[in-house]
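For reference, the structure discussed in these notes is given below.
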């Protein structure tokens, strides 16, 4: 009798050992799914993605998460993808509702000072002018840049209070475009000069703050854009679907 009872108890314990982890895994999976769904943008928007072409090569590792963010935008969104380089805006994909095509237009930045822009804010202004007129979508521009403008000198006033930054802000506000920015160092000064990093990040913070957007950076470098995109989606959802 005791032997049969021991066998019965052992069988129950064995069943629990197999079932409990499965329940725990399912619960974690459900929780993870809920978290991921909460990170997605909920309201359609017009989004221009601008990437500075002389950023360090590691930015190329972030193409997948950038493409995922674009593809996860709600139906009705329109996306433009362009690169800032040597004083010009290279549009890889004009505004389109084909989110898959927009995500495929991303490419690895050149990562060389040979294509360094005159400054990023000239091209921000050019990109703002390409947003579709009218419609209900909110307008947002994602600037992936080191934010540094040394075209008129290398001091706080020239870099953080630059003429072209002010012009970009005025253009964005007049067209209802909020500028969000991700900081990444370039192959130039911001890859080694702490003062340049400080000026660049301050400028990004200013252009984003003054247009109703937000700047995302941590420290003087970056590890991955994953956290930035999570915070961007959360910010857009908190701000709602209104246009600026």
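The values are calculated or read from the model by the stated rules, or taken from the named source; none is laboratory data. None of these values were measured; they are calculated from a predicted model. Heads up, the Cβs are rebuilt from the backbone with ideal geometry, glycines too, and the neighbour counts pull from every protein chain shown.
Just so you know, in the range 94-123 the residues that are under 17 Å from the mean Cα position of the chain (by Cα) and under 16 Å from residue 58 (Cα atoms) include one that is surrounded by the most Cβ atoms within 10 Å (Cβ to Cβ), and it is 109.
One line per residue, one yes/no per condition, for (1) touching a helix residue (DSSP H, G or I) at 6+ places or on another chain (Cβ under 8 Å); (2) farther than 13 Å from residue 120 by Cβ; (3) surrounded by fewer than 22 Cβ atoms within 10 Å (Cβ to Cβ):
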{"site": "159", "(1), (2), (3)": "yes, no, no"}
{"site": "165", "(1), (2), (3)": "yes, no, no"}
{"site": "175", "(1), (2), (3)": "yes, yes, yes"}
{"site": "179", "(1), (2), (3)": "yes, no, no"}
{"site": "209", "(1), (2), (3)": "no, yes, yes"}
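Per-residue answers, yes or no, for (1) out of contact with any strand residue (DSSP E or B) (no Cβ under 8 Å at 6 or more places or on another chain); (2) more than 25 Å from residue 238 (Cα to Cα); (3) in a loop (DSSP other than H, G, I, E, B); (4) outside the structural domain of residue 114 (by TED's automatic domain parsing):
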{"position": "181", "(1), (2), (3), (4)": "no, no, no, no"}
{"position": "200", "(1), (2), (3), (4)": "no, yes, no, no"}
{"position": "204", "(1), (2), (3), (4)": "no, no, no, no"}
{"position": "210", "(1), (2), (3), (4)": "yes, no, no, no"}
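Filtering the range 158-179 to residues that are out of contact with any strand residue (DSSP E or B) (no Cβ under 9 Å at 6 or more places or on another chain) and either under 22 Å from residue 51 (Cβ atoms) or in a helix (DSSP H, G or I) (or both) leaves 158, 159, 160, 162, 163, 164, 165, 166, 167, 170, 173, 174. For the range 63-77, give me each residue that is surrounded by fewer than 19 Cβ atoms within 10 Å (Cβ to Cβ), more than 14 Å from residue 226 (Cβ to Cβ) and either in contact with a helix residue (DSSP H, G or I) (Cβ under 8 Å, 6 or more places away or on another chain) or touching a residue at least 40 places away in the same chain (Cβ under 8 Å) (or both). Within the range 63-77, 71, 76 qualify. Residue check: residue 233 meets all listed conditions (1) surrounded by 18 or more Cβ atoms within 10 Å (Cβ to Cβ); (2) assigned to a loop (DSSP other than H, G, I, E, B); (3) under 16 Å from the mean Cα position of the chain (by Cα) but one, namely (2).
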